[in-house]
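What follows is one structure encoded as structure tokens, with my remarks underneath.
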Amino acid sequence: MPFDLLLTNAQVVTPTGTAVGDIGITDGKIVALGALVGSEAADSIDCTGLTVIPGLIDTQVHFREPGLEHKEDLESGTRAALTGGVTSILEMPNTSPNTTDAITLQDKLNRAAGRAWSNYGFFIGASTENAEQLGELEQLPGCPGIKIFMGSSTGSLLVSNEEDIRKVLKNGTRPCPIHAEDEPRNRARKSLISEEPSAREHPFLRDSESAIMATRQILRLSKETGRPVHVLHISTKEEPWIIDEARKAGVRATSEVTPQHLFFAGPDCYDRLGSLAQMNPPIRSEEDRAGLWRALDEGLFDVFGSDHAPHTLEEKSKPYPASPSGMPGVQTLLPVLLTFVAQGRLALETLVRMSSTRPAELYNIQGKGSIAVGMDADLTIVDVNRKWTFERAHVESKCGWSPYEGETFTGAVEHVILGGSVAVRSGERIAKPTGQMLEFR
């Protein structure tokens, strides 16, 4: 029986290793792996010199719809994702209105249907008002779990009181992604701002101790309640080892590191980029960046995530601290990581594990995350050797800018397969958005 799509002569990265081979795809599924050259197929791609990896799963993006579509919307955000080789995204609840109940979740699912270029799921945000319903809400179709903001967010999504956090953790079973910064400390330190403030002060005002305090607190509460937690965007050299120590003591904790916390360091990035480098938690010192790299080398992180959080250039140009925190990153997630691979700082198998396989395991995403017979055919095909310069003209995000403008990457997305069909061929998107709602067990 002929295949719908045949990929030949590819360097294929599977959960067990890397080998040259072919991939046969039918009805949206991987149905054969091995020596398949000569088999009949309705369509084929010769992948000689290219590498096939599972489509990336970005488990932390902010696509701003509804309410803030001037910065980003579900169409433009997923378009940026797909262009960058990300075939599935999990979107955060701090939109307007916040995603805190079945109605606001369904509204996002309705908005994404027929407009999303990548597959999608939407977190529900924890608040003091919905805490007792969270166990039921996290089981709704299209929802991977409950997000907790311990540090500043929008609307009612800030949950900084310990008893409120405890109540949230007690209602539900799925891993809770956590924004871990100590809100009282952050508020108190606002008074320390200089008379002529600049973004250079951001990692001082939202200091390492704020992140460390919140991480220690959530680990303690996780141990007390038995609820698994996933600490997002680790920014300090201390936190990976604090989390590792807690895990060894039986706490069910995982963690994320972003490419930007590995790529940039202050004060240089603030001197070059100003508020374009401003995010929460902040990009910190070279010492912190080196500590994150040591933790990555030790295998202490579980996933890479982009924390894609776009704002317009007009908004970012406001004088600090009126400038909002956040930067786009879903489109550059893979190119930055591939550049780390080319530099010899990251193994390709580690990239795949932390960007595809482990995210799927963490949130029990059905059919995604690895190249194996029976899995969904969501695949990203890359040229790991191609050097190219990322320019503003490449940016697909509606915000229209990137902190990586002018950077030379090694590693480029050539083709993307989504649901068994070619969605990007030779760098160009094809046809129309075909992203689907993810299924979570």
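Computed from the coordinates by the stated procedures, all read-outs in this text should not be read as laboratory data. Model, not experiment: these values are computed from the prediction. Cβ sites come from the backbone with ideal geometry, for glycine too, and all protein chains shown count toward neighbours.
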Placing +1 on each Lys and Arg Cβ and -1 on each Asp and Glu Cβ in the chain, then taking the dipole about the Cα centre, the residue among Asn280, Ala377, Gly21 whose Cα reaches farthest towards the positive end is Asn280
Rounded to the nearest 0.05, FRET efficiency between Asn385 and Ser285 (Cβ-Cβ, R0 45 Å) equals 0.85
If one compares the long axis through the Cα atoms of helix 286-297 with the longest principal axis of the Cα atoms of the chain, the angle in degrees, nearest 10, works out at 50 degrees
About its Cα centre, the chain carries a charge dipole, from +1 on Lys and Arg Cβ atoms and -1 on Asp and Glu Cβ atoms, whose size in debye to the nearest 20 is 420 debye
Looking only at lysines whose Cα falls under 29 Å of Lys398's and that sit 8 or more positions away or on another chain, we get Lys71, Lys108, Lys147, Lys316, Lys318, Lys368, Lys387, Lys432
In terms of the charge dipole of the chain, which places +1 on Lys and Arg and -1 on Asp and Glu at the beta carbon, the residue among Ser156, Ile89, Phe340 farthest towards the positive end is Ser156
Expected unfolding gain across Leu313-Ala372 under the 0.36 nm per residue rule, minus the alpha-carbon gap, is 17.0 nm
Applied in sequence order to segment 350-359, the curve 6.51 cos²θ - 1.76 cosθ + 1.60 (Karplus, θ = phi - 60°) yields integer Hz couplings, x standing for Gly and Pro, of 5, 4, 5, 4, 7, 9, 9, 5, 5, x
Residue by residue through segment 24-33, the couplings from Karplus 6.51 cos²θ - 1.76 cosθ + 1.60 with θ = phi - 60°, in Hz, x for Gly and Pro, are x, 10, 9, 6, x, 10, 6, 10, 7, 10
Simple SL model, points at 7 angstrom along Cα→Cβ for Thr48 and Thr225; separation in nm is 5.7 nm
Counting only DSSP loop positions in segment 248-341, the trypsin sites (Lys or Arg not before Pro) whose Cβ has at most 16 other Cβ atoms within 10 Å are Arg252
The rounded separation in angstrom of the Cα centers of segment 196-238 and segment 120-194 is 14 Å
Sorted largest first, the Cα spans of segment 281-407 on the principal axes come out in Å as 52, 33, 32
With the label point 7 Å along the Cα-to-beta-carbon line of Ala249 and a cut-off under 20 Å to each amide N, the hits in segment 195-223 are 209-223
Per the rule of 0.36 nm per residue minus the C-alpha distance, extending Lys190 to Arg429 adds in nm 81.5 nm
For Kirkwood radius over Cα pairs in Å, with candidates (i) 21.8; (ii) 22.4; (iii) 23.1, the value calculated from the shown model is option (i)
Reduced to Cα centres, the span from segment 260-311 to segment 364-441 in Å works out to 22 Å
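Which of Phe340, Phe409, Phe149, Phe204 comes first, and how do the rest follow, when ranked by fewest Cβ neighbours within 10 Å?
With the sparsest Cβ surroundings first, the list reads Phe204, Phe409, Phe340, Phe149.
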With Cα coordinates, the longest principal axis of the chain makes an angle with the long axis of helix 208-225, in degrees rounded to 10, of 80 degrees
Charge tally for neighbours of Thr8 with beta carbon under 10 Å away, counting Lys, Arg as +1 and Asp, Glu as -1, is -2
Arg392 and Asn9 label points (each 7 Å along its Cα→Cβ direction) are spaced in nm at 4.0 nm
If amide H atoms are modeled at 1.01 Å from N in the peptide plane, then the residues at a separation of 5 or more from Val20, or on another chain, having amide H under 5 Å from its own are Val12
